[in-house]
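Here's the structure, in structure tokens; my notes come after.
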């Protein structure tokens, strides 16, 4: 149980840092809302719902990217990541704690973004909301690992999107499919499978990301 | 406790640490001196496990939980308070009677009054004192200190002198400094890097 106590302590630290500094959440919120407003005016009147659903996923993925780019910023300042790496706890707990915090940030943003989408475009079905939740897990698992890799580089702002966006394509396919398909179950299962496979891969490989 | 045989470190073509033999027994106090760029920090990072040697062999008989490390960076969160930083590390290191130990360390290093202030508001010297508290919080068996007197005022340096005197003989200490005379009475061995 020590492992999960470490994860909880690390995630709580990230939530506390964000509540205090308010660096990331307001920026993500403004970004997703302004993107939806732009899409609202950019999409021609009478455009079909499928196109709107696709735009929702564009907004969500890029908003997540914005948050991920800042995910390891507190650890970069003052070398705190080395402090965590030196601690005797399992290093994968660092990744899991950070992923959990990013998940909370993303879910909070979507609490505002999804109703805003319904207001600007059309109401979302339960399957679409479930698709968003499942995609969040994949985004957080993969994105947090890639953000840690990018954080070690001077060109982190360039590297993170280059690494993350190709791996986010299956999440967009699954999410849009769950939103517009007549058989959303298949796409939800696909998202669940993606989450399981990539969460295990990221959990197992984080140790190597933070080791020289 | 530390046994190095021809250990070296390169970053690409640049050699950060020349091949080095080193032996430090448990309870020993090794003072490392050398000019800037001679490899002092690199040696300490290798011993702490923060970097991997590119040649030779290095055995350190201390697990991560038994090691206390103070580097050039404080390894602290700037937007957390001193209490929150130490509480996080205390949890991760499973420090028994964590709150009492944290309170004692903060009192000792003169930070109790500012315990609820963010580290970002601290002076460089206060940050260094807190970084020392972090490194010593879990009473490590092996203490790796990279120029620990940096930024400390006279009072802070005296506090550290007393702490090192207490640790000498019980913990194993590996310390780099540009003021070797300050720790000379405690040293059991010396290493000058060229």
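Quick look at the numbers
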quantity: Single residue of B:77, B:89 found to be free of Cβ contacts under 8 Å to residues at least 60 places away in the same chain and assigned to a helix (DSSP H, G or I); calculated: B:89
quantity: Residues being more than 14 Å from every other protein chain (Cβ to nearest Cβ), touching a helix residue (DSSP H, G or I) at 6+ places or on another chain (Cβ under 8 Å) and part of a loop (DSSP other than H, G, I, E, B) - total across segment A:1-53; calculated: 1
quantity: Failed item in (1) in a strand (DSSP E or B); (2) surrounded by 22 or more Cβ atoms within 10 Å (Cβ to Cβ), with residue B:47 passing the rest; calculated: (1)
quantity: Residue A:108, sole failed condition from (1) within 22 Å of residue A:25 (Cα to Cα); (2) buried (at least 17 other Cβ atoms within 10 Å of the Cβ); calculated: (2)
quantity: Segment B:59-88, residues that are under 18 Å from the mean Cα position of the chain (by Cα), closer than 21 Å to residue B:115 by Cα and facing another protein chain (nearest Cβ under 7 Å); calculated: B:73, B:74, B:75, B:76, B:77
quantity: Residue check, residue A:186 outside any helix (DSSP H, G or I), free of Cβ contacts under 8 Å to residues at least 60 places away in the same chain and surrounded by fewer than 16 Cβ atoms within 10 Å (Cβ to Cβ); calculated: no
quantity: Test: residue in segment B:100-120 that is modelled with pLDDT of 95 or more, under 26 Å from residue B:176 (Cβ atoms), within 12 Å of another protein chain (Cβ to nearest Cβ) and over 18 Å from the mean Cα position of the chain (by Cα); calculated: yes
quantity: Criterion (buried (at least 18 other Cβ atoms within 10 Å of the Cβ), facing chain B (nearest Cβ under 10 Å) and part of a helix (DSSP H, G or I)) met by exactly one of A:67, A:78; calculated: A:78
quantity: Sole residue being farther than 30 Å from residue B:124 by Cβ, surrounded by 23 or more Cβ atoms within 10 Å (Cβ to Cβ) and in contact (Cβ under 8 Å) with a residue 12 or more places away in the chain, chosen from A:103, A:39, A:62, A:117; calculated: A:117
quantity: Unique match (being touching a residue at least 12 places away in the same chain (Cβ under 8 Å) and surrounded by fewer than 21 Cβ atoms within 10 Å (Cβ to Cβ)) among B:71, B:27; calculated: B:27
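Every residue, every condition in (1) within 22 Å of residue B:72 (Cβ to Cβ); (2) touching a helix residue (DSSP H, G or I) at 6+ places or on another chain (Cβ under 7 Å); (3) part of a strand (DSSP E or B), yes or no:
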site	(1), (2), (3)
B:4	yes, no, yes
B:7	yes, yes, yes
B:10	yes, no, yes
B:21	no, no, yes
B:26	no, no, no
B:36	yes, no, no
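The values are calculated or read from the model by the stated rules, or taken from the named source; none is laboratory data. All values reported here derive from a predicted model rather than from experimental measurement. Don't worry about glycine lacking a Cβ; one is built from the backbone with ideal geometry, like all the others, and counts go over all protein chains shown.
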